[in-house]
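Everything below concerns the one structure shown next.
Bear in mind these aren't lab numbers, they're just calculated from the coordinates by the rules spelled out. Note that the coordinates shown come from a computational prediction; the quantities given were computed from them, not determined experimentally. Cβ atoms come from the backbone with ideal geometry, glycine included; neighbour counts cover every protein chain shown.
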């Protein structure tokens, strides 16, 4: 039972925490990969998220689903890291050999997904963050404005820009 | 590709992507305790010698990063249940406690130091390159940090002090009632969605549940401070028209930083009055309009804050050297 796992991990059981990692690593990594646009950064941020989770786990009181709570924590870790280090000058295509994405075996839309993942990673930082949070993760503009530290109108403008750029890239 | 096709493609994206390698060993190495020893041993049989050397290096590095040096300045502070003689190490999870006659100095990684005053209880929560975090359960600390913003955090029972490159004194009781006094740079104190920016030469009072009040300069007139406290913490922290009017009547140009916070906290019907008083005391910079500021548009607020902060900084730093006009930040002849 996931609730048992959380409770055991809260009590300091590292084996339970490891199981939590196994269950949620894919979801957290996907979020980090899309928000950072860089596979190596995504690995580091994923590790940061779980280290932070270990520290913060005691404050989880079950008022929301654990996965939702962890998701929010992950968003904060990634965005805080970006605020700390500033905008990266180096931009790297996220997965030059997208082995991670090719694990989605048997998916008939795999090719489109990989193209879209690449296109998302190539978006400017601000546009990518808003696009990922709004269109993929389902956050509202007000929440994004608060999380990213921008005006709500800026969030809407970035989303418009991101969608426009993505359509252009995918039509090439 | 049209908008609908793009949305359909987005909907088909996998919610989960497995990392290309197992990230757990790196996570485990950064956690306070070591678990899963059996699995580690099994893996050790198969890793090449070079990897072993790397692992040893990482373990040594972890040991360095996950503990901070502590020096006793007076008396014999406690780390956990052990009396500190001259110096020692504070590890993640450890509590450092001083009694009424002891003090200690904590080296915050490589970015600064924290002096722990008497009757204080503090815990090391995170010690990594990207995050340095203490929990102050009660007492007083003096922090000095030289680093980029948002690397050093101090949690109190009422919220979190976020270092923006600075020096400050933070005190709290065990319930969260406290005071933050910044002496260099700027600190943000955050409780949930409520936050206060406190530049050098300014203070903010802190209360349980409500969090930080409205910051004020350290030479603010006592009646203004009382009015701010009434606004922030009476009537459940929701302020009021009467307290707002008192503040506006008492505020000087030097108190612009208080009015900037007030603008965002008063009832919307009072924002116009607060803005007008603020604009009369410190005119807004070019590009900041009344409409945008009253609508709390972040660009307008940030622009205004930058000007207020610059004037405030000059006023404090040049105090006793030059006579600075608190309305413009320029030196008076």
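At 7 Å along the Cα-to-beta-carbon direction for both residue A:140 and residue B:289, put a label point, then send me their distance in nm to one decimal.
For the pair residue A:140/residue B:289, the computed spacing is 2.6 nm.
Take the alpha carbon gyration tensor of the protein assembly as shown, find the square roots of its eigenvalues, order them as a ≥ b ≥ c, and report rounded if a/c is under 1.5; if not, report prolate when a/b exceeds b/c, else oblate.
In terms of gyration-tensor shape, oblate.
Kindly provide the Kirkwood hydrodynamic radius of segment B:215-299 in Å, to one decimal, from all pairs of distinct alpha carbon atoms.
Value: 12.9 Å, from the Cα pair sum.
From other protein chains only, count the Cβ atoms within 10 Å of every residue's Cβ in A:71-82, then give the mean.
1
Arrange the peptides B:124-132, B:217-225, B:298-306, A:32-40 so that the one whose residues have, on average, the most other Cβ atoms within 10 Å appears first.
So the peptides B:124-132, B:217-225, B:298-306, A:32-40, ranked by packing, come out A:32-40, B:124-132, B:298-306, B:217-225.
Packing-wise, with mean Cβ within 10 Å as the measure, how do A:58-68, B:145-155 rank, highest first?
Top to bottom by mean Cβ count within 10 Å: B:145-155, A:58-68.
Just how far, in whole angstrom, is segment B:98-171 from segment B:212-235 if you go by their alpha carbon centroids?
Spelled out, the Cα-based centre of one part sits 25 Å from the other.
Treat each spin label as a single point 7 Å out from the Cα along the C-beta direction, and report the residue B:7 to residue B:229 distance in nm.
Between residue B:7 and residue B:229, the label points sit 5.5 nm apart.
When a footprinting reagent is the concern and you count Cβ atoms within 10 Å, what order do A:164, A:24 take, fewest first?
Fewest-to-most ranking of A:164, A:24: A:164, A:24.
Please give the calculated 222 nm ellipticity per residue for chain B, where each DSSP H segment of at least 4 residues contributes -39500 (n - 2.57) and the sum is spread over every residue; nearest 500 deg cm²/dmol?
-10000 deg cm²/dmol
GNM on chain B, C-alpha springs below 10 Å: top fluctuator among B:19, B:118, B:268?
Residue with maximal mean-square fluctuation among B:19, B:118, B:268: B:19.
Which value in nm describes the separation of the simple spin-label points at residue B:325 and residue B:89, placed 7 Å from the Cα toward the beta carbon?
Those two pseudo-labels are separated by 5.8 nm.
Per-residue Cβ counts within 10 Å, from other chains only, averaged over A:50-58: what number is that?
5
Which residue fluctuates the most in chain B, going by a Gaussian network model with Cα springs under 10 Å, if the choices are B:252, B:193, B:12?
B:12
How would you classify segment B:196-260 from its alpha-carbon gyration tensor, with a ≥ b ≥ c the square roots of the eigenvalues: rounded for a/c under 1.5, else prolate if a/b is greater than b/c, otherwise oblate?
Since a/c reaches 1.5 but b/c is at least a/b, the shape of segment B:196-260 is classed as oblate.
Take the alpha-carbon centre of segment A:130-149, take the same for segment B:182-205, and report the distance between them in whole Å.
Comparing the Cα centres of segment A:130-149 and segment B:182-205, I get a distance of 27 Å.
On a 0 to 90 degree scale, rounded to 10, what angle separates helix B:3-12 from the longest Cα axis of chain B?
The answer is roughly 40 degrees.
Between B:285, B:77, B:20, which gets the highest mean-square fluctuation from a Gaussian network model of chain B, Cα cutoff 10 Å?
For chain B, modelled as a Gaussian network with Cα springs under 10 Å, the answer is B:20.
Give me log10 I(q)/I(0) at q = 0.13 Å⁻¹ for chain B, Debye formula, one equal scatterer per alpha-carbon, no solvent.
After summing over all Cα pairs, the log10 values are -1.01.
Cα axis of helix B:271-281 to longest principal axis of chain B: angle in degrees, 0 to 90, nearest 10?
In chain B, helix B:271-281 runs at an angle near 80 degrees to the longest axis.
Summarise the partner chain shielding of B:126-133 as one whole number: the mean count of Cβ atoms from other chains within 10 Å of each residue's Cβ.
The per-residue average across the peptide is 4.
Note the full-extension length gain between residue A:161 and residue A:61 as 0.36 nm times their separation in residues minus their Cα-Cα distance, in nm to one decimal.
Using 0.36 nm per residue and subtracting the Cα-Cα distance, I get 32.2 nm.
Between residue A:11 and residue A:44, how high is the FRET efficiency from 1/(1 + (r/R0)^6) when r is the Cβ-Cβ distance and R₀ = 30 Å? Nearest 0.05.
Working from the Cβ atoms, E equals 0.60.
Mind jotting down a quarter of the surface of the convex hull over the alpha carbons of segment B:181-333, in square nanometres, one decimal?
So the mean shadow area of the Cα hull is 8.7 nm².
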